[in-house]
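Just below is one structure, and these are the notes that go with it.
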Amino acid sequence: MRYTRPSTLAETLADLGQGGMALGGGTLLLPRDAADVGAEQLLVDLQALPLHDLIVDGGFLSIGAMVTLARIAASPLISPAWKALAQAAHAVGNPNVRRAATIGGNVAWPGGDLHAALLVLDASVVCDGGACELPIRNIIEGGVRGGALVTSIRLPQDDTRHSAYVKFAWRAASGKTIVAVAASTTAKNGAPRLAAAGVAARAMRLPDAEALLAGGPVTPEAVEDAARAAGAELPFEMAKPPGEKYRRRLVAEGVRRLLAAVRS
Amino acid sequence: MNNVRIAWNGHEVEREVRTETTLQQLLHDELDDISVKAGCGEGVCGSCTVLLDNEPVASCIRLALQAAGRAVTTAAGLVELPDAAALIEHLVAREAFQCGYCAPGFLVSAVHALNKRRPLSADEVRIALSGNICRCTGYQQIVDAVVAASSGEPPPPAIHARQDLFAKIRGEARYATDVRPADVLFGRIVWSDQSSAILCGLDTSAASAVPGVVAVLTAADIPGVNITGMQLFGSDHPLLCDERVRSTGDAIAVVAATSAAAAREAVRRLRPTTAPLAAVHDFDSAGDICSQFVKVRGDIAIGFAAADEVIEDTYEMTAGDHACMEREAGFGWIEGDTIVLSVTTLTPHLVRGAVARVLDLPESRVRVETPRMGGSFGKYLMPGLEGYLALLVYATRRPVRLVLDRDESIARSTKRHAFRARYRLGVKRDGTFTALDAEILADAGPYVGLTPTVVAVLADEAAGAYDFPHLSVRARGVLTNNLLATAMRGFGSQQVAFGIESIVEKAARTLELDPAEVRRRNFCRNPENALAESVDEVVRRLGARPAAAPGWLTGRGIGSIKAKYGYPYGLVDSTVVRLSVDDSGELMVEADIADSGTGIIAALPRLAAVHLGVQHLPRYLTSSALLDDPSGILLTRGIPPCTTSRWIFRTLEKMVIVPTALALSLAAHLRPRMLSFLLRVVARPTDVYNAFVATIKERLFPAGVDSYLPRTSASRGLAMAGRAVCSAAERFRAAAISRAAVALDVPESRLAITNDGVYDTSAPHRRVSWKQLAPLAAIGRVALRQGGLFEPATGNQSGPVDHMFATHGCDLAIHPETGEVRILRYVACQDVGRALDPETVRGQIVGGVAMGVSQTLYEHLGQAGGKVNVVGLHEYHVVTTLDAPWGLEVINLETGSGFGPSGAKGVGEAGCVAAPPTLANALYDALGRQMTHISVSPEELTEFTH
């Protein structure tokens, strides 16, 4: 492998354009995989780029692609509105991993642990320093275009929003996500928004469950109906255990817990 | 190659590295900073934690180049800071670590947490340390120490602090993965893809052609015999398969190359041609029995006729991995005409013999060094990697490093025996047991290994902590195409305790009786024990049932165990300890026990100090004289034995082992009734014969230790070696006083021992220092040989000389939708005999319980079709600080009834033996249905709630 650490976006994009592989925290590139990467592969280390800012500006929370999950989990800027994101970041791996893993890398990765939270928070993904901005859903479904670079994530500010995230794994630290569910509510649009990962191949919104909660008060009965709908509505596309029935149960239970949390 | 410059512990260093070199490799391999370990290579275990610009990161998943231009601080660079020094005092005083492999990584994370904020709550510490995994301790003492240090309180007094822990926590202790001869080759093993196949051909040319590859070796390259493993009961385990592969743990070739990448590439290019054969994975249907033991008392027909209810069920425990934090590892090199191996092993003498046979060398040309082990838990009782390593060193004449990747270790290396047992238990309406019938199977994997000894334990302990007037047990080990099974903490006791405690629980619940009461009513009375007290104490401590959180189910379970320690099992178990003073006046304790972390290497010097009456701790040394010469002549006389003595010793050994091995292999093929009859006839003369040979051997070689057996390890360590220390101390004291009496010209009765030597009690200024008394040495030996080969009445091997008795209890909550389990309360009450080192005892029990919890609820090997489906430590879920049971209450009953020093008993394994049934019984209580297999996943638990 070859290595470069560019300090400007232009150099970076040029390197990526020639087939370079972006290197954020490097937590997805395990040593045993690194040893198998071809000798000609170029690694483009992004740490010298100015992508480390986490700021609230112009009605958006803007998070540079190189901001670590540990910073997101602990940042005082992350108000209750964006709590789902902080919780999702905190649920990844363990403290050592969170101090290395970056939001950009996690978003660009097809199985990104933050996807469900970003979906309910209306996030958008800024690529190539502002050359384009896409809704998170496009990135989740289509991935990042070859040669492009995620440079920041933007979340619209809404002080009436409450959000929450829950992850199920076999263990509390260093647990691979089995199912993750995120929810958010706003005063403007009273119906909670819900998303789940771990049943379909990618994180997806839960429109059936959301519809059952729209328009009426979020009563315990409505929550139960929504939870059941949430458990049933996604296509099952996971190859590895655990099985479908269990994953669907977790989605339903996640919805129950989150709705209890965002209501209180 | 790229240039990288970092500030490493304050020093600017510059090195050339490959792009794929990790920061851990730069620090550990290039800069020889051995405080940066590598447990997983996945960022999960945290053994490699370092500060990067003052933030802890896992250096194994960080490229060295990513750290270029930044400050890197490792444990070795932290230890002199006042915060770290104070924390280390707290950690050592609490004996917070055992094997210590994970300790430097914990230190880095903990010091960072202490610098950020203090005081810290236990929960904050647990979160801060959740990126560090410890397999030994259960974390409790670690977290206690960090919390105490954060509040600035002084460390508790430690009279005889465990010296090894200072070196381990500071990252100065050298493990096998830290031994690094210069200019080393990288070894790799080529494993079989198939679990059962004919090996038709093996083309090595493509692999040999990879640039940097120095050797590609197959069975044809073995100069001696192609056998490895525990060769006590069978020589069926080839080092490298040449015609037939029997499991995915079989090796077919080994390679050595100048870089890890080249070795990997060579392995990839080595494709054998195979013809698959039918494979046996379900051990129930396996027909190939490799060992069988039978235990019969009374007549079960009578017992069942007297019963009001007959309770039946089948219980199963899956295979599991030891998950030692240090991966299986070794370095080998050549010194003159000798092959030197620095390897993780509990049995260096067995390794040496096996390697000598593989290479067709005299044993004197093989030396085995045992640095500290990063965990063992039984894994290293049986020779493993050493033969591959030795073969590569021998063929290349160069230093070779062979370290398994974590995913290799989990997918290929030895495992705990999977277990399945069908029980029928006869019980009267009042809860009195009348009969037990048990059919027990253990999965040996493809080779006999040490399965017969495990199967003997399964048979011997099938009745658990209870008396059955009528008993019939048949335990068998079966050969399959799964991974090879080996010793693991509990060594049979763990599996069989889960079985018997489950059927007992089912009986109590079927009859709607109190499970504690049913246990009390049926506890065995012989030997006298504290089981009843332990149950009472656990029930009392658990008190009122906790309230369930909304939506959660709660359950309470107890488990009582009787598990062996100190077991000759038809052979002879002996330990020799030497106590000496050298020319510098330093006292030393030597034994053949290598340090796997249990605390025994600290306990022995403590005992020696107490028994001699000195304050300073003697130093502990793993005796190379004992390891190099089993006859004990080198140890006692300081000269190696002559050829004749060596021959006589080996012949006497064989005279015992040959009939034993024959009988054991014969036993596997006989029907129980015939076996029982035959042994009744054969066993008595065998007893007499064995006792006769052993007596001669002990006369001729008083410090001899059988070379074909594992050395003293496991829970019997303190009992055996501790007693040997006491006896050595008596002799040492007598010798010192008699020598001093001559020197001072006073009667011996007026002399006493002090820290510095021997003095005259009536004129204390008259003294002889240890230095003046040197050289002075005494040997202590403890040998167990009980009743020869088999119990004539039952056909079973002789049982142990003593048992561990314990009851555990827990309250837990389970969520019916998710299967999440929370342990609300856990009480462990054990008869420890005498708690000589209370922190050591606590560490063993808490660590054992954490391991048992992990094995029951978290660790799922997912073995299917002979292949392990989980990858690495991120999928094999050893519990973290956030999962391990918290606030464990440990109650030591001190009956003084053990056969160790001052009546101490073994403790090391009981925690992990009692925890699985305790949890299973609590789940039964919560769910109203019984779990018949463990480990059990949350997914499976939800099947019970729906």
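Odds and ends about this structure:
- Selected from A:Ala214, A:Ala260, A:Pro242, residue furthest toward positive end of dipole (the range A:162-263; charges at beta carbon): A:Pro242
- Percent accessible area from carbon and sulfur atoms, chain B, protein chains only, probe 1.4 Å: 52
- Projecting label points 7 angstrom from Cα along Cα→Cβ for B:Thr644 and B:Arg244 puts them 4.5 nm apart.
- Solvent-accessible surface (1.4 angstrom probe) belonging to B:Val351, in square angstrom, nearest 10: 0
- Accessible surface of B:Ile61 - all protein chains present, 1.4 Å probe, nearest 10 Å²: 10
- Once divided by 2.2 N^0.38 Å, the Cα radius of gyration of the range A:2-45 becomes 1.14.
- When you restrict to C-alpha pairs under 8 Å that are six or more residues apart and normalise by the size of the range A:162-263, the relative contact order lands at 29 percent.
- At least 27 Å along the helix axis (C-alpha) and Kyte average at least -1.0, DSSP helices within chain B: B:643-667, B:672-700, B:723-744
- Rounded tilt (10° steps) of A:244-263 against the dominant C-alpha axis of chain A: 80
- Simple Cβ-charge dipole of the protein assembly as shown, Lys/Arg +1 and Asp/Glu -1, about Cα centre, in debye nearest 20: 1340
- By the rule of a C-alpha distance below 20 Å, with chain neighbours fewer than 8 residues away ignored, the lysines paired with A:Lys240 are A:Lys167, A:Lys176, B:Lys867.
- Estimated inter-spin distance, B:Ala209 and B:Asp582, nm [label 7 Å along Cα→Cβ]: 5.5
- Interface burial in the range B:870-907, defined as at least 20 Å² less accessible area with all protein chains than with the chain alone at a 1.4 Å probe, covers B:His874, B:Glu875, B:His877, B:Thr880, B:Leu882, B:Asp883.
- In chain A, the longest principal axis of the Cα atoms and the axis of helix A:220-233 are about 50 degrees apart.
- Once backbone amide H atoms are built at 1.01 Å from N, B:Thr486 has B:Lys415, B:Arg416, B:His417 as its partners under 5 Å, excluding neighbours fewer than 5 places away on the same chain.
- Residue-normalised accessible area of the range A:2-45, given per residue in Å² at a 1.4 Å probe: 46
- Fraction of alpha-carbon pairs over 17 Å apart in the range B:149-205 - percent: 71
- If the segment from B:His946 to B:Ala85 were pulled out straight at 0.36 nm per residue, it would be longer than the present Cα-Cα gap by 304.6 nm.
- Probe 1.4 Å, all protein chains present, accessible-area order of B:Glu939, B:Glu335, largest first: B:Glu335, B:Glu939
- Mean separation of Cα contacts under 8 Å, 6 or more apart, over the residue count of the range A:54-156: relative contact order %: 31
- Solvent exposure ordering (accessible area, 1.4 Å, most first) of A:Arg145, B:Arg174: A:Arg145, B:Arg174
- Using a Förster distance of 41 Å, the FRET efficiency for A:Ala48-B:Glu335 (Cβ separation, nearest 0.05): 0.30
- Among residues other than A:Val120 with Cβ under 9 Å from its Cβ, the summed charge is +1 (Lys and Arg +1, Asp and Glu -1).
- Evaluated on the protein assembly as shown, the Kirkwood hydrodynamic radius is 31.9 Å, with distances taken between all distinct Cα atoms.
- Histogram of C-alpha separations across the range B:364-508, 10 Å bin width, %: 10, 32, 26, 17, 10, 4, 1, 0
- For B:Arg62, the residues 5 or more places off, or on other chains, whose built amide H falls under 5 Å of its own are B:Leu23, B:Gln24.
- Taking all protein chains together, B:Leu23, A:Leu28 sort by accessible area into A:Leu28, B:Leu23, largest first [probe 1.4 Å].
- Gyration tensor verdict on the range A:80-172 (Cα atoms; rounded if a/c is under 1.5, prolate if a/b is larger than b/c, oblate otherwise): oblate
- Divided by 2.2 N^0.38 Å, where N counts the residues, the Cα radius of gyration of chain A comes to 1.01.
- Working from the Cα coordinates of chain B, the gyration tensor eigenvalues give, after taking √(5λ), semi-axes of 38, 35, 33 Å in decreasing order.
- Cross-link partners for B:Lys654 among the aspartates and glutamates, with Cα-Cα distance under 18 Å and sequence neighbours closer than 8 places in the same chain left out: B:Glu363, B:Asp573, B:Asp629, B:Asp687, B:Glu698, B:Asp706.
- Taking a Cβ cut-off of under 9 Å around B:Cys810, the surrounding Lys, Arg, Asp and Glu residues balance to a net charge of +1, with basic ones at +1 and acidic ones at -1.
- Of all accessible heavy-atom area on the range A:2-45, the percent that carbon and sulfur account for (1.4 Å): 53
- Taking both sides together, the accessible area buried where A meets B is about 3900 Å² for a 1.4 Å probe.
- Based on protein heavy atoms only, chain B ends up with 33 Å² per residue of surface accessible to a 1.4 Å probe.
- Put the Cα centre of the range B:579-606 next to the Cα centre of the range B:372-419 and the gap is 27 Å.
The values are calculated or read from the model by the stated rules, or taken from the named source; none is laboratory data. Since we're looking at a predicted model, the values are computed, not measured. Neighbour counts are summed over all protein chains in view; Cβ atoms, including those assigned to glycine, are modelled from backbone coordinates with ideal geometry. Quick note on the areas: whole protein, heavy atoms, side chains included, nothing else; ligands and nucleic acids left out. Shrake-Rupley method; radii C 1.70, N 1.55, O 1.52, S 1.80 Å.
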